[in-house]
There are 4 protein chains.
Amino acid sequence: MSGRQSPDSLGVALIGTGFMGKCHAMAWRNVATVFGGAQPRLEVLCDTPEDRAQAMAGQFGFARASADWQAALADPAVDVVSITTPNGLHRPMAEAALRAGKHVWLEKPMALTLEDAQAMADLAAAHPGQVTVLGYNYLRNPAFQAARGLIAQGAIGRPLSFRGVYDEDYSADPDLPWSWRMTHAGGGLGALGDLGCHLVSQMVALMGPVAEVTAMTQIAVPTRPSPDGPCAVENEDSALALIRFASGAQGSFATSRVARGRKCRLQWEVQGSDGTLVFDQESMNELWVHRAGEAGFTRHLSGPDQPEFAAFCPAPGHNFGFNEQKVIECRDLMRAIAGGPAAEPGFAAGLRIERIIHAMAASNGRPVRIVEESHEDA
Amino acid sequence: MSGRQSPDSLGVALIGTGFMGKCHAMAWRNVATVFGGAQPRLEVLCDTPEDRAQAMAGQFGFARASADWQAALADPAVDVVSITTPNGLHRPMAEAALRAGKHVWLEKPMALTLEDAQAMADLAAAHPGQVTVLGYNYLRNPAFQAARGLIAQGAIGRPLSFRGVYDEDYSADPDLPWSWRMTHAGGGLGALGDLGCHLVSQMVALMGPVAEVTAMTQIAVPTRPSPDGPCAVENEDSALALIRFASGAQGSFATSRVARGRKCRLQWEVQGSDGTLVFDQESMNELWVHRAGEAGFTRHLSGPDQPEFAAFCPAPGHNFGFNEQKVIECRDLMRAIAGGPAAEPGFAAGLRIERIIHAMAASNGRPVRIVEESHEDA
Amino acid sequence: MSGRQSPDSLGVALIGTGFMGKCHAMAWRNVATVFGGAQPRLEVLCDTPEDRAQAMAGQFGFARASADWQAALADPAVDVVSITTPNGLHRPMAEAALRAGKHVWLEKPMALTLEDAQAMADLAAAHPGQVTVLGYNYLRNPAFQAARGLIAQGAIGRPLSFRGVYDEDYSADPDLPWSWRMTHAGGGLGALGDLGCHLVSQMVALMGPVAEVTAMTQIAVPTRPSPDGPCAVENEDSALALIRFASGAQGSFATSRVARGRKCRLQWEVQGSDGTLVFDQESMNELWVHRAGEAGFTRHLSGPDQPEFAAFCPAPGHNFGFNEQKVIECRDLMRAIAGGPAAEPGFAAGLRIERIIHAMAASNGRPVRIVEESHEDA
Amino acid sequence: MSGRQSPDSLGVALIGTGFMGKCHAMAWRNVATVFGGAQPRLEVLCDTPEDRAQAMAGQFGFARASADWQAALADPAVDVVSITTPNGLHRPMAEAALRAGKHVWLEKPMALTLEDAQAMADLAAAHPGQVTVLGYNYLRNPAFQAARGLIAQGAIGRPLSFRGVYDEDYSADPDLPWSWRMTHAGGGLGALGDLGCHLVSQMVALMGPVAEVTAMTQIAVPTRPSPDGPCAVENEDSALALIRFASGAQGSFATSRVARGRKCRLQWEVQGSDGTLVFDQESMNELWVHRAGEAGFTRHLSGPDQPEFAAFCPAPGHNFGFNEQKVIECRDLMRAIAGGPAAEPGFAAGLRIERIIHAMAASNGRPVRIVEESHEDA
């Protein structure tokens, strides 16, 4: 694999051309323009049917199209694989990519089951020279990074309490048809797998490891229409949890896919001994900061004082966007491939997120310890 | 007691001249001006030392002053007693007032212990002709009543999920001296007793009875300075809880007295099957409403479409204030005394609130059932 | 009149029992409770017909009722007169009160015409021992006083630019019937007289004297229904203006009574060389402050750090209300009567406000100098 | 030029690699990925010195680099030229490009002087087959387009009043060194040319043609430090204006580059006979809408109900960003080149914007008519 890790010649395969496939494509096309470095080679775009792949390869600027993702993984021109397919395909594709010697950029959630996630993390650990990174793009928001920086600098003292929600309403309509995504076998977890995992990714980045969760879940719309009549929804529409952090801090956690009026309300608050931070992804360019002694909360608009914002725009208050988070994620991946800092969360850290959401899903009101195995932290 | 219940000649004793004593005085002075009816007679103001009582009686417009609250309770000119003293005096004063045949308006929380609250509720039940009402003034905010009305009308469908917090920062400074209020014996519960009970009062008004709570508490500042050196804080600085409602709905609950930058953040959200309501007491003239099919949340500024707002001001957007909530509470009390609707929460309903906060305080992460005794609902 | 000016025995007559009459009554009843000092004597309440006056005197707690305001002014027990009647009665009542030796608390706007206002100011100047104060209650908001204090302390440096609006929508509905208030003879100015004068009162308090205005006005609904068919609206529905301040600063100004969705949007911004202040009366407990070097705007919730807030409530974030502004105005009046600082704006300062709004009404796009006569500043 | 207009083979030259040069590059790279169609050919990137151009050509993915923009314009592989250089170069470069038969995408403001803008519009009119479009990117925000759509549909009735500001604080610091941009010869207009023209572009898109302006300007910091000692600032730091629209509506207008705390506050409000719209570019994914009969303002988060948002992301509330506005502008340009709808504002419309800001700059408090020459509308 000598030389392949060099960003000078990084060859890309992208699997999937939907919402997140397009988002990955935009990121691959603009990452060098924004951050410098050599342009990645957009080698092959995979989707089915093949004519879909062909059409989108032109649009996304990929050199080739294919309906055969396994062939793409075997392609020696490909160094890194973006996987943006439905969750049930994450494990087989990621494992095949690792076995083919490729770096892997995988959308969240990692897998349908905790067992799948464990197997994937194990395989990644067995391929230490290959980079894995999961698509927790909200971690890349410069406002979020600013929040982490403020906590690290001690701006709010010792974090005492976390309050977090991630609510959307895409499943609120009871007439929304049933789909396989609403089953355990087809979709894995519900709101926890789709939304809650994002909130967990931010929570642990802000507060450190989770020691214990106590949660309860709810299915607000138990059956949904299908051509064969009403079908049962198996995975949760919403979940609530209490959190004990390893640090001794405490937290509350809520997520819902049936929260009427909420569109991307990933909202949290960190209360520290000397200050408080507040954030809402629906207003993703704002971080609200209060420090002891100040009169109230100050609205920090994102701007070029945040280094990653500066790469996109030198003017403060000129809004950074959702898709641009992915460009930073892509840069982090490329930088890790080139031997720079790890692009977190990789599969090991992703497994820790999975443990937390699966513990919440299984808690049913009882406390569940979150076990961190020592080899993962190595 | 014939005739004494008539609002035409309601005689008032007020015990306490601090924050809430002044608030009660303003309410008694303006209740008739705002809502009509006969002016109450402000008979006697009690505080210690007596010259404090004398000075404030002039300021508050009371006819007499006294340092002897028991004598005031024995005064036949007194029909109703406002009790605004420290929590440890609530039980003896309220019981003495009931035994003296007076109506009782008591500040929250009801008592230091659940046993005290039970005894008080029992005594009130034994005096069915006397009105008791607790000072859960935030229930009187016209915006809150509008929220209740919208839920009752079905505007948001079936309530599914409640998310509530009540945070302030009055104890956030670690240099704040130790006081007896921070002990179980002197202050009872901490944040739950001072703030959390308000949130519970709103939660049950919006969502109906609570079936079970699971909570954890935190003491953020374990010792505080005193003239005798550091002393231990015994009651909780903050608490987090999960709620199961009798209806099947679920909720999250948080309260803190050490939440830096929060001043009166009693904030909640009710997510229903067809809409969502959002409120924050720091902006107490705003109710945010989303109904299925609308583009987003609409900001309803309080106005004369809310009947109790209209009594204060015919112009919308002309802010209703914190102290004015107490005037409505006073009207509700007087109306109940005159034979109108009950002025909730009385001592029976107050006991239900106490059960919930004491269950939270005792939960330590385990689910605790909330038992509703049948005789209370009679 | 010996001794009558002492607050120990201040006798009050109130003329009018509508929106502002009730607001004055609440203020008179609570001013001593809030600020200390002797209770004012509520001697006589005037309105027509007499049974209205009688009914409201009981409700407002006045000793006597009358349909004859002139008799009330002749009453030796009366020291101060609250005038809350329609604008066309302001001049005759205020002049009669001054001639009867009474202090005068008059609602805004001062009068229907500039000539009336001039005559009133002249008469007040001829009675220097009697206090006059106009009901510009928004000046009393503790958040507004905090803004004035910040400017005086230099917190935002030299004020450079003012941007102000006062919009409501009470006349937006074209089906709202025609009334005499919409005529010059009956109502005087339109939005400028009702709303704009409030904004001018705040503008000059923040920015100092106005040197020149250039304005244009608009009648959005030219005719309105009446029992006799459509009738013409004569006074302006909205006005826009540019301002040159004597200091060299500049400003923009807008007011409307037909601004759909606006309820009490008295909103302004003062941009200084070293910072900016922003305020909106619809959220009247918030002042937004930015100082050079800070990351953004900080939300200052009103609280007891503002001395006049503290008189009402020791807890920050517990909202001060619209009606409570009037209590402060009442205290200012009583304090001035007792020989304390002047209760601005009196009639001289009120005349300066009238000159500005009448200059705006007459400008028709041409600059109009605002002349300040030297004797007024004496 | 046969075939050159086909988007299938559109060749691009980009002049300038600064803030807006990078923004154009990102747009050219992603326009086909977002909207479909053939990828543009990124032929040549121009800047000085040549090694800067070389380095950035790699980063931006252009085939060639050059320090000679005139040579680039002569290149037959180039069909369209992006001009992102300092304002003083706009006229010579745009004229040369037009004369070379190229389509022109030019950053705002159009030119330093009204005479320059007139000459450029005249030349563009003489080359009707070539597309010109100016970089008024804020017009492309889907939330802004939604506002236009609502007005066009009559959602707020007849527009009556416009209130607009565009404030930033990039020149607020008096220690910011003097630069040639602060002179008439070097920079043209000040805040009006840099910020005000954006606000004018939105104002006319919302309200229609301007008939008359009355304005005043201010230089807040008259001299600034330079190596040769203090130098005079010639162009305005801020401007305020009254607007008469051809429709009979009225407006207020304000812009400043010295507004402490403001970062991108392009904020406006359109008050109509049946509703009001409110927008602020600092929260560019929100449009606030009130319609007669509704309780208040509703916050519309941008989402895929806006067609151009949908091209970027199918999920509402997932923020569209500043740079993405440019991608839409690029699509509009390419679509116009391909024979689709005009990409407004072209040079003719841009000249109308220039007339308005130059009229404001020259007004000095007097009304100035805005003349629309008939041939421009052809």
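The values are calculated or read from the model by the stated rules, or taken from the named source; none is laboratory data. These figures come from a predicted structure and were not determined experimentally. Glycine gets a Cβ as well: all are built from the backbone with ideal geometry, and neighbour counts include every protein chain shown. Please note that ligands, DNA and RNA were not included when accessible areas were found on the heavy atoms of the full protein model with its side chains. Shrake-Rupley method; radii C 1.70, N 1.55, O 1.52, S 1.80 Å.
Every condition in (1) within 14 Å of chain A (Cβ to nearest Cβ); (2) touching a His at 6+ places or on another chain (Cβ under 6 Å); (3) under 18 Å from D:Asp194 (Cα atoms) holds for D:Leu287 except the one numbered (3). When the helices (runs of 4 or more DSSP H) confined to the range D:98-213 are screened for residues that are in the same structural domain as D:Pro316 (by TED's automatic domain parsing), those reaching at least 2 such residues are found at D:142-152, D:184-187, D:197-207.
Kindly indicate whether any position in the range B:318-339 is away from chain C (no Cβ under 14 Å), surrounded by fewer than 20 Cβ atoms within 10 Å (Cβ to Cβ) and part of a loop (DSSP other than H, G, I, E, B). Yes. Apart from one condition, C:Glu282 fits all of (1) of a type outside the set (A, V, I, L, M, F, W, C); (2) under 25 Å from D:Phe162 (Cα atoms); (3) part of a helix (DSSP H, G or I); (4) away from chain B (no Cβ under 14 Å); the exception is (4).
When C:Ser252, C:Ser201, C:Ser226 are checked against the criterion of being of a type in the set (Ser, Thr, Tyr), open to solvent by 10 Å² or more (accessible area, probe 1.4 Å) and touching a residue at least 60 places away in the same chain (Cβ under 8 Å), a single residue qualifies: C:Ser252.
Does C:Ala63 fit the bill of being closer than 20 Å to C:Leu10 by Cβ, touching an Asp or Glu at 6+ places or on another chain (Cβ under 8 Å), open to solvent by 30 Å² or more (accessible area, probe 1.4 Å) and within 14 Å of another protein chain (Cβ to nearest Cβ)?
Numbers: closer than 20 Å to C:Leu10 by Cβ: yes; touching an Asp or Glu at 6+ places or on another chain (Cβ under 8 Å): yes; open to solvent by 30 Å² or more (accessible area, probe 1.4 Å): yes; within 14 Å of another protein chain (Cβ to nearest Cβ): yes.
Judged against the criteria, C:Ala63 is a match.
Search the range B:206-223 for residues being away from chain A (no Cβ under 14 Å) and open to solvent by less than 30 Å² (accessible area, probe 1.4 Å), and hand back the single one that is farthest from the chain's Cα centre (by Cα). Among those residues, the one meeting the criterion is B:Gly208.
Give the residue, chosen from B:Arg260, B:Arg244, that is more than 24 Å from C:Cys264 (Cβ to Cβ) and in a strand (DSSP E or B).
Working: B:Arg260 fails: in a strand (DSSP E or B).
Exactly one residue qualifies, and that residue is B:Arg244.
Take the residues in the range C:140-168 that are away from chain D (no Cβ under 14 Å) and hydrophobic (A, V, I, L, M, F, W, C); name whichever of them is most open to solvent (accessible area, probe 1.4 Å). Looking at residues that are away from chain D (no Cβ under 14 Å) and hydrophobic (A, V, I, L, M, F, W, C), I get C:Ala152.
For the range D:74-101, what are the residues that are of a type outside the set (Val, Ile, Thr) and in contact with a helix residue (DSSP H, G or I) (Cβ under 6 Å, 6 or more places away or on another chain)?
Step one: list which residues in the range D:74-101 are of a type outside the set (Val, Ile, Thr), which gives D:74-77, D:79, D:82, D:86-101.
Hits for the range D:74-101 are D:Ser82, D:Arg91, D:Ala94, D:Glu95, D:Ala96, D:Ala97, D:Leu98, D:Ala100.
Listed here are the strands (runs of 3 or more DSSP E) enclosed by the range C:21-84 that have at least 2 residues being of a type in the set (A, V, I, L, M, F, W, C): C:41-46, C:80-83. Residues in the range D:252-267 that are within 13 Å of chain A (Cβ to nearest Cβ) and small (Gly, Ala, Ser) were compared, and the one that is farthest from A:Thr298 (Cα to Cα) is D:Ala259.
Which ones in the range D:169-190 are within 11 Å of chain C (Cβ to nearest Cβ) and either within 20 Å of the chain's Cα centre (by Cα) or free of Cβ contacts under 8 Å to residues at least 60 places away in the same chain (or both)? Once the filter is applied, which keeps residues that are within 11 Å of chain C (Cβ to nearest Cβ) and either within 20 Å of the chain's Cα centre (by Cα) or free of Cβ contacts under 8 Å to residues at least 60 places away in the same chain (or both), the range D:169-190 yields D:Asp169, D:Asp173, D:Pro174, D:Asp175.
Take the residues in the range D:270-279 that are within 13 Å of chain C (Cβ to nearest Cβ) and in contact (Cβ under 8 Å) with a residue 40 or more places away in the chain, then tell me which one is surrounded by the most Cβ atoms within 10 Å (Cβ to Cβ). Explain how you work it out, then say what you get.
Filtering the range D:270-279 down to residues within 13 Å of chain C (Cβ to nearest Cβ) leaves D:270-278.
Within this subset, residues satisfying the condition of being in contact (Cβ under 8 Å) with a residue 40 or more places away in the chain are D:270-277.
Numbers: D:Val270: 26, D:Gln271: 31, D:Gly272: 26, D:Ser273: 18, D:Asp274: 18, D:Gly275: 24, D:Thr276: 27, D:Leu277: 28.
Filtering first and then ranking leaves D:Gln271.
A Cβ distance below 8 Å, combined with a sequence gap of six or more or placement on separate chains, defines the contacts here; from the range D:98-116, residues that are β-branched (Val, Ile, Thr) reach residues that are assigned to a strand (DSSP E or B) in the pairs D:Val104/D:Val80; D:Val104/D:Val81; D:Val104/D:Ile83; D:Val104/D:Thr132; D:Val104/D:Val133. Any residue in the range A:360-372 that is crowded, with 21+ Cβ neighbours inside 10 Å, under 17 Å from the mean Cα position of the chain (by Cα) and at pLDDT 95 or above? No: the range A:360-372 contains no residue that is crowded, with 21+ Cβ neighbours inside 10 Å, under 17 Å from the mean Cα position of the chain (by Cα) and at pLDDT 95 or above. I'm told D:Ala241 meets every condition in (1) surrounded by 23 or more Cβ atoms within 10 Å (Cβ to Cβ); (2) within 14 Å of chain A (Cβ to nearest Cβ) except one. Can you identify the failing condition by its number? Of the numbered conditions (1) surrounded by 23 or more Cβ atoms within 10 Å (Cβ to Cβ); (2) within 14 Å of chain A (Cβ to nearest Cβ), the odd one out for D:Ala241 is (2). Being more than 9 Å from chain D (Cβ to nearest Cβ), β-branched (Val, Ile, Thr) and touching a strand residue (DSSP E or B) at 6+ places or on another chain (Cβ under 7 Å) holds for only one residue in A:Val31, A:Val44, and it is A:Val44. Residues satisfying the criterion are present in the range D:339-350 (criterion: at pLDDT 95 or above and over 20 Å from the mean Cα position of the chain (by Cα)). Only residues that are touching a Pro at 6+ places or on another chain (Cβ under 6 Å) and open to solvent by 10 Å² or more (accessible area, probe 1.4 Å) were counted in the range C:302-315, giving 5.
If you go through the range D:302-314 and keep only what is within 7 Å of another protein chain (Cβ to nearest Cβ) and in a loop (DSSP other than H, G, I, E, B), you end up with D:Gly303, D:Cys313, D:Pro314.
Selection of the range D:280-301 for residues being charged (D, E, K, R) and open to solvent by 10 Å² or more (accessible area, probe 1.4 Å) yields D:Asp280, D:Glu286, D:Arg291, D:Glu294, D:Arg299.
In the set (1) free of Cβ contacts under 8 Å to residues at least 60 places away in the same chain; (2) part of a loop (DSSP other than H, G, I, E, B), A:Arg299 fails one condition alone, (2). Once the range C:5-56 is narrowed to residues that are under 22 Å from the mean Cα position of the chain (by Cα) and of a type in the set (D, E, K, R), the residue that is nearest to C:Ala96 (Cα to Cα) is C:Asp47.
Search the range B:16-28 for residues being over 19 Å from B:Ile337 (Cβ atoms) and not aromatic (Phe, Trp, Tyr), and hand back the single one that is nearest to the other protein chains (Cβ to nearest Cβ). Spell out the reasoning first.
Restricting attention to the range B:16-28, the residues satisfying the condition of being over 19 Å from B:Ile337 (Cβ atoms) are B:16-23, B:26.
When the remaining residues are screened for being not aromatic (Phe, Trp, Tyr), the result is B:16-18, B:20-23, B:26.
On the way: B:Gly16: 14, B:Thr17: 11, B:Gly18: 8, B:Met20: 10, B:Gly21: 11, B:Lys22: 7, B:Cys23: 8, B:Met26: 5 Å.
Ranking the candidates gives B:Met26 first.
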